[in-house]
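The values are calculated or read from the model by the stated rules, or taken from the named source; none is laboratory data. All values derive from a computational prediction rather than experimental measurement. Cβ: placed from backbone, ideal geometry, glycine included. Neighbour counts: every protein chain shown. In case anyone asks, the SASA skips ligands and DNA or RNA and just uses the protein heavy atoms, side chains included. Shrake-Rupley method; radii C 1.70, N 1.55, O 1.52, S 1.80 Å.
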Amino acid sequence: AQSVTQPDIHITVSEGASLELRCNYSYGATPYLFWYVQSPGQGLQLLLKYFSGDTLVQGIKGFEAEFKRSQSSFNLRKPSVHWSDAAEYFCAVVANTNAGKSTFGDGTTLTVKP
Amino acid sequence: DVKVTQSSRYLVKRTGEKVFLECVQDMDHENMFWYRQDPGLGLRLIYFSYDVKMKEKGDIPEGYSVSREKKERFSLILESASTNQTSMYLCASSLLYNEQFFGPGTRLTVL
């Protein structure tokens with residue numbers, strides 16, 4: 001069975017600082033990997049996804065993520081955080097078997113200091 | 001744009017009531033999902049469906065059932081609501097292994 005770990009429950013960064021949110025997964029093969037963002041009172045929105053190919057993927061709102069097979073990681077990064085990035089971020093994996101069943105991490109809450 | 005709608009944003013029910021949460025998607029997606037979201041616990045999969053009348057249990061199916069009679073509609077049923085089912089319920093749909101599109105959620109309170 002697949003699993004996802006987001007080690008950081010809460011992260012605080014200053015506006016303009018860089019950001020890295022960690023995600024580690026456990027799965028026997030290479031899964032499909034996703035990052036979603038949930039703003040307060042909103043549903044989840046896809047930031048980016050990795051299926052295959054280039055291990056550095058670009059997403060919306062200036063986010064990128066890097067897949068590292070050797071570390072079973074898919075960390076999310078942004079070079080300069082904006083106050084509007086304050087939200088909860090979820091990493092998710094979908095196995096390429098099992099009809100698309102997904103597993104989400106517990107989420108990381110990002111606070112942005114002015 | 002894909003649209004996933006949920007029948008209610010807020011719902012208040014009494015213990016023991018039968019509760020129906022409805023979800024409709026308009027993009028002909030094969031997969032539909034029901035999650036509950038609780039602080040500190042992330043999203044936990046209750047059930048998912050990969051085709052009409054097909055369903056699979058997720059991680060926390062106890063106390064819930066689902067129905068998918070039409071491709072666009074996926075219903076979550078609480079046969080006898082209990083206070084520990086007070087939560088935010090999120091519905092999502094996807095094309096097979098692709099990204100999921102989420103509805104706005106239903107905040108259910110069971111008194």
Long-range Cα-Cα pairs in the protein assembly as shown (distance over 34 Å), rounded percent: 14 percent
message: Leaving ligands and nucleic acids out of the surface, order A:12, A:55 by accessible area at 1.4 Å, largest first.
response: A:12, A:55
- request: Specify which residue in the list A:87, A:28, A:4 is farthest towards the positive end of the charge dipole of chain A, using unit charges on the beta carbon of Lys, Arg (+1) and Asp, Glu (-1), about the Cα centre.
  value: A:28
query: Spin-label point model (7 Å from Cα, Cβ direction): what's the residue B:77 to residue A:56 distance in nm?
result: 5.2 nm
task: Scale the Cα Rg of chain A by the rule-of-thumb value 2.2 N^0.38 Å and send over the ratio, two decimals.
output: 1.02
- request: Report, to the nearest whole %, how much of the accessible area of the stretch A:15-114 belongs to carbon and sulfur atoms, 1.4 Å probe, protein only.
  value: 48 percent
Förster-model FRET efficiency, 22 Å R0, residue B:62 and residue A:39, C-beta, rounded to 0.05: 0.10
message: Checking the cross-link filter: which lysines have an alpha carbon closer than 28 Å to that of residue A:68, excluding same-chain neighbours under 8 positions apart?
response: A:49, A:78, A:101
- request: Taking 7 Å along the Cα-to-C-beta vector as the label spot, tell me the residue A:14-residue A:64 distance in nanometres, rounded to one decimal.
  value: 2.4 nm
message: I need the per residue convex hull volume for chain B, using only the alpha carbons, in cubic angstrom as a whole number.
response: 93 Å³
task: Might you report the magnitude of the Cβ-based charge dipole of the stretch A:3-113 about its Cα centre, with Lys and Arg at +1 and Asp and Glu at -1, to the nearest 20 debye?
output: 200 debye
